[in-house]
Structure formats: structure tokens, C-alpha cells
Amino acid sequence: MVPQQQKAPFKDILLACDRLAALNLAKQWQDTMTPTAAIDQLIVPVLEDIGQGWEQGSVALSQVYMASRICEEITTQLLPALSRKNTKQPAMAIALLNDYHSLGKTIVYSTLLASGHTLKDYGRMSTAELVQRVIADKLKIILISTLMLPSALHIAEVSKQLKGHDVHIIVGGAPFRFDPTLWQQVGAHAMGRTASDAITLINEFLGAKS
Amino acid sequence: MTTAMTSMQRVLTTLGHQEPDRVPFFLLLSIHGAKELGLSIEDYFSKAENIVQGQLRLRAKYNDDCLYTFFHAPLEVEAFGGEVIFSADGPPNSGRPIITTPTDIHDLTAPKVEKTRCLQKVLQATRQLKAEVDDEVPIIGVVMSPFSLPVMQMGFASYIDLQYEQPDLLEKLLQVNMQFCIDWANAQLSAGATAICYFDPLASPTITPREMYLKTGFMTACQTLAKINGPTATHMASGRCLAIVDDLVSTGTAAVGTSVLEDLTEVKSACAGKLSILGNLNGVEMQHWSEEQAELAVKEAISKAGKGGGFILSDNHGEIPWQVPDNILLAISTAVHQWGRYPLRHS
């Protein structure tokens with residue numbers, strides 16, 4: 001069990017965007033806890049806290065971004081044993097639909113890597129390219145990030161074309177935060193308001209499937 | 001007050017924190033002008049005359065209180081040599097960043113307004129609109145803040161990295177952008193713009209922590225706004241503003257465009273007498289509102305922020321999406337004219 005008092009200093013370091021301090025702290029974990037404990041009891045809860053803080057207005061997006069990148073580095077470089085954690089997870093990927101601003105996708109991707117998940121990063125794609133790739137890769141989960149309302153509305157076409165392919169569609173991005181019913185309007189299965197919501201939604205999906 | 005004011009009188013009165021004849025409202029419509037003229041968005045922005053006709057038709061239709069010479073956000077990146085990518089159903093995007101590595105900042109220079117064709121189109125539209133309306137209607141020009149423009153110049157993630165890891169290059173970038181911003185704002189004012197909307201979403205605590213903002217965007221805003229020869233409104237483009245209201249006042253701005261994420265009552269209380277408020281109808285939800293929902297949203301906003309002036313009803317982003325239907329924009333207009341008359345009946 002990870003001591004509760006380790007969370008607060010780790011969170012403070014992440015919010016200060018102090019990468020070196022975070023890496024130094026994480027090196028100490030290698031002697032005191034298992035990689036699984038570090039991720040499940042420290043990294044994920046702290047990233048969730050930070051995501052909640054952003055949702056409530058006490059944390060800025062730049063802090064969320066820096067925290068996710070630092071945690072990705074910790075997980076992939078200092079805790080490599082975690083790469084075995086999700087060997088049974090279904091194929092999944094993340095994509096930016098039509099838009100040219102990829103910050104949201106980058107944060108979600110880093111957050112999922114930091115939490116021990118593995119997924120493909122498709123980058124920016126058009127509707128047709130995304131549908132084709134999802135089917136070709138036999139994905140079970142596709143995370144779609146958008147910034148602009150038109151791109152969010154184009155997800156409806158993705159949903160329509162993926163109907164019958166047994167793909168779980170999780171969406172996120174500014175339009176969905178400003179319109180809480182939009183994800184249903186475009187035929188998605190779930191919507192994440194923060195990057196760490198993606199962890200919860202994927203775990204819920206995996207739990208329901210198992 | 002019962003005598004009808006001109007839009008200019010109405011806006012100036014509310015900016016002076018007094019109650020005009022009714023709550024002024026800005027429908028910040030840019031790409032909707034293309035619909036009015038039956039043009040594609042790309043064709044619409046190809047000629048200044050289209051923007052003039054589009055803005056005049058939109059105001060005649062919706063009877064709002066400003067003309068808006070904002071073309072699109074990537075215009076300024078285009079001025080720096082960047083690419084604008086048009087789409088059929090939304091605002092243009094900026095393409096590949098012009099700063100591909102932070103060291104490119106060493107060679108970055110501000111474009112000359114008088115030699116940049118895309119900027120001259122905006123100035124031409126501004127001059128023509130001014131000739132049409134003289135001082136009856138405020139003409140709102142737009143600049144991207146020097147602190148927020150880098151999101152399009154180098155990409156969002158790279159810009160955040162720069163803020164935290166290379167403060168010297170950040171300073172250099174802000175200096176180049178500041179000179180351009182001042183020149184660009186003053187050129188629009190000289191062409192006939194009444195005021196400048198200073199889009200600064202990065203200033204919002206939604207995007208940047210206040211501690212970082214005070215060291216960067218705040219200092220930049222203080223220096224920039226001091227050299228702009230006219231009134232400015234700082235717009236958060238959907239971001240929150242409450243935590244930095246007093247900082248914004250210190251920058252010398254006259255108004256703030258606030259977010260639907262914040263309660264207008266709280267924003268009004270924080271800004272009262274110091275800063276006028278522009279906002280905060282939800283433009284994203286607007287695309288599926290009923291006319292009744294539009295009326296309710298207008299009534300609620302006016303009841304929370306209208307009393308005592310210092311309030312201009314608007315959307316919360318600074319641009320109304322293409323997908324918002326005309327009947328909803330008309331319903332908003334009707335509701336403001338019905339429920340926005342001073343003295344307010346339902347605050």
C-alpha cells in the first residue's frame with residue numbers, strides 16, 4: 001500500500017511542472033513499492049485529482065499537459081515492468097478528427113500511457129481515414145479527440161460507419177465539455193470531460209466485458 | 001430612460017457602467033456572412049467587399065449593436081507566412097506551425113502591416129464599414145494577444161514546453177508578437193475600428209496558472225494595451241476569468257469576454273464598476289437550442305449581469321458556430337429587445 005502522504009508532494013511537484021523533481025521522486029519509489037502500486041495508487045489517483053482540479057477551475061490546462069507528460073515519462077522509463085500490465089487489453093487507439101490542434105489528444109495519450117495502458121496514436125485523420133483504420137486494425141476501443149464543433153459533429157459519420165463493427169467509441173474535447181449532450185447526439189458510447197476520465201471509461205468498459 | 005439610443009451610445013453608456021436604453025448585444029458573427037451571401041467560407045474571405053456586405057446584412061437581420069471585422073484566427077499566422085486551411089462548415093484553421101523548432105524564434109520578425117495583403121483586406125473592410133455607419137455603430141476590430149498567438153505559430157504543446165523550459169526564447173517571441181500586435185491594432189483603429197477585441201485565451205486560468213500568467217501574458221498585456229491607441233476588451237474565448245479579474249483591470253482593458261463555465265452573477269460582482277462584461281451565451285449548445293431555450297438563456301444572462309450597465313450580451317467564445325440556425329439568432333435578438341429594456345423588469 002502506498003502511504004497517503006506521498007500523494008500530496010507528488011501532486012505539488014506535478015502542478016509546479018518540475019520534471020526533474022518528479023523523476024527524482026519516482027526513482028525513490030523503485031526501492032519502496034512495486035510498479036503496479038506506483039501507477040495504481042500514486043500516478044493514476046494524482047492525475048485524476050489534477051483532472052478534477054481542471055474541471056473545477058483550480059488547475060490550468062498547461063499543468064494538466066505537463067503532469068501527463070511527466071507521468072508518461074515516469075511510467076515508460078522508470079517503471080518498465082508495467083508494460084506487461086495490460087497485455088490482455090483489447091486493441092485501442094486515439095485519433096484527432098479533422099482538427100489541427102492536438103493538445104487534448106496528446107494529454108489523453110500520455111495519461112493512458114502513464115496509467116499503464118498501451119494504445120496506438122493515429123494522429124490527425126479525416127472521417128474516412130479513421131473508419132478505414134479502425135476496421136483494418138480490428139480495434140475494440142477508439143478514442144476521438146476534437147477541438148472544434150464541426151469536427152465533433154463529424155463523429156456522427158464515424159459512428160454511423162462503425163455501426164456493427166463492435167467498436168466502443170469514446171469522445172472528448174472542448175465541444176463536449178460545453179455541451180454535455182453532444183456525445184449522444186454524435187452516436188458515441190461515452191464521453192470524457194478530463195484526460196483521466198479516459199482511464200475510468202476504459203476500465204469500466206474492460207470490466208463490463210470481462 | 002425611454003429615448004432610443006444609437007448602438008454607439010448604448011455601448012458607450014454601458015462601458016461607462018451606466019444603464020443605457022437597453023442591454024446592448026453583440027452577435028459576433030464572422031463566417032455567417034458567407035451564408036448571407038451564398039458563398040463558400042473561403043470565397044467569402046477572399047474579398048473585403050464580401051465582409052462589408054455580410055456584416056451589413058447580418059446587422060440588418062439581427063439588429064445587434066456592433067459590426068465585427070474579425071475574419072478568422074489564422075489570419076495573423078498567415079501574415080507571418082503561415083498557412084490557412086479552410087473548411088466547408090467551420091472557421092478556418094491554421095496549418096503547419098511556422099516555428100518548427102524553438103530556435104526558429106531567433107529569426108522571427110514581425111510582418112509589416114502595410115505590406116501584408118491579408119491584413120490590408122481587413123483594413124479595407126474596416127474603412128468601408130466606417131464609411132457606411134460613421135459613428136452610429138461600433139466597429140470591433142480584433143487582434144490575437146502576443147501571449148496567445150504562439151499556439152498557432154508553433155503548436156499548443158510546443159508552446160507550453162517553451163513557457164516552462166526556455167524562458168529566454170519565450171521573451172523574444174513575445175517581444176516580436178507585441179510589436180506586431182500594437183501595429184496591427186493601431187492600423188485597425190486608424191482605419192475606423194472603434195475598439196479592439198484582444199483575444200487572449202491563454203491568459204485564462206483555464207489554460208495558464210495565474211503565477212505563470214503574471215510573469216508572461218500579464219506583463220505583455222500591460223505593455224501592449226498601453227500602446228494601443230483606443231479602447232480594448234480582453235476576450236478569454238470560452239475560458240474562465242474570475243481568478244484574474246483584478247489583474248485584467250490592471251492591464252488597462254475596459255471589458256472582459258467571459259465563459260459560460262462561470263456564473264455571471266459572480267463575474268458581475270467581481271467586475272462591478274471596474275470592468276464591463278461581454279458574454280456568456282453557450283455557442284456550442286446554441287446549435288440545438290429551441291427558440292424558447294434561447295429566450296430563457298437571454299433572460300437569465302440579463303437578470304444576472306444587466307443591472308447597472310457594464311454588460312454586453314454576447315456568446316462566450318467570440319464567434320458563433322456556423323451550425324447555429326438563423327431562427328435561434330433571431331430569437332436571441334427578439335429576447336434582448338423584449339427583456340433587455342432598462343429599467344430591467346426581472347433582475
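Put in order of Cβ neighbour count within 10 Å, fewest first, the listed residues B:C241, A:C17 become A:C17, B:C241. Only sites in a loop by DSSP and with at most 13 other Cβ atoms within 10 Å count here; which trypsin sites (Lys or Arg not before Pro) in segment A:162-210 make the cut? Of the trypsin sites (Lys or Arg not before Pro), the ones in loops of segment A:162-210 whose Cβ has at most 13 other Cβ atoms within 10 Å are A:K163. Is segment A:92-209 rounded, prolate or oblate when judged by the Cα gyration tensor, a ≥ b ≥ c being the square roots of its eigenvalues, rounded requiring a/c under 1.5 and prolate requiring a/b larger than b/c? Rounded shape, in that the Cα axes give a/c under 1.5. Scanning residues 5 or more positions from A:A190 or on other chains, those with amide H under 5 Å from its amide H are A:I169, A:V171, with H placed 1.01 Å from N in the peptide plane. Sort segment A:143-210 into rounded, prolate or oblate with this rule: let a ≥ b ≥ c be the square roots of the eigenvalues of the Cα gyration tensor; rounded if a/c is under 1.5, and if a/c is not under 1.5, prolate when a/b is larger than b/c, oblate otherwise. In terms of gyration-tensor shape, oblate. Per-residue mean of foreign Cβ neighbours for B:150-162 is 4 (Cβ atoms of other chains, 10 Å radius). Placing unit charges on the Cβ atoms only, positive for Lys and Arg and negative for Asp and Glu, gives chain B a dipole magnitude near 680 debye about its Cα centre. Here is the list for segment B:1-87: trypsin sites (Lys or Arg not before Pro) lying in DSSP coil, each with at most 15 other C-beta atoms within 10 angstrom of its C-beta, are B:K47. In plain terms, the C-alpha convex hull of segment B:20-155 casts an average shadow of 9.3 nm² when viewed from every direction. Per residue, the convex hull spanned by the alpha carbons of the protein assembly as shown comes to 146 Å³. The alpha-carbon positions of chain B define a convex hull whose volume is 115 Å³ per residue. Along the axis of the charge dipole computed for segment B:146-286 (Cβ charges of +1 for Lys and Arg, -1 for Asp and Glu, origin at the Cα centre), the listed residues B:T232, B:F147, B:I244 are led at the positive end by B:T232.
Label zone (A:K209, point 7 Å along Cα-to-C-beta; backbone nitrogen cut-off 13 Å) within segment A:86-115: A:86-93. Its residue count N sets the reference 2.2 N^0.38 Å, and the alpha-carbon radius of gyration of segment B:207-347 equals 1.09 times that reference. The base-10 log of I(q)/I(0) for chain A, evaluated at q = 0.11, 0.15, 0.16 Å⁻¹, reads -0.51, -0.91, -1.02 [Debye formula, identical scatterers on Cα atoms, solvent excluded]. Taking the dipole about the Cα centre of chain B, with the C-beta of Lys and Arg at +1 and of Asp and Glu at -1, give me whichever of B:G310, B:P91, B:L174 is farthest to the positive side. Looking along the dipole axis, the top candidate is B:G310. Give the residue from B:T206, B:I196, B:G257 lying farthest towards the positive end of the charge dipole for segment B:133-262; charges sit on Cβ (+1 for Lys and Arg, -1 for Asp and Glu) and the dipole is referred to the Cα centre. Of the options given, the answer is B:T206.
Each reported figure results from applying straightforward, stated rules to the coordinates on display, with no laboratory input. Bear in mind that the values here come from a model prediction, so they are computed numbers and not experimental data. Cβ sites come from the backbone with ideal geometry, for glycine too, and all protein chains shown count toward neighbours.
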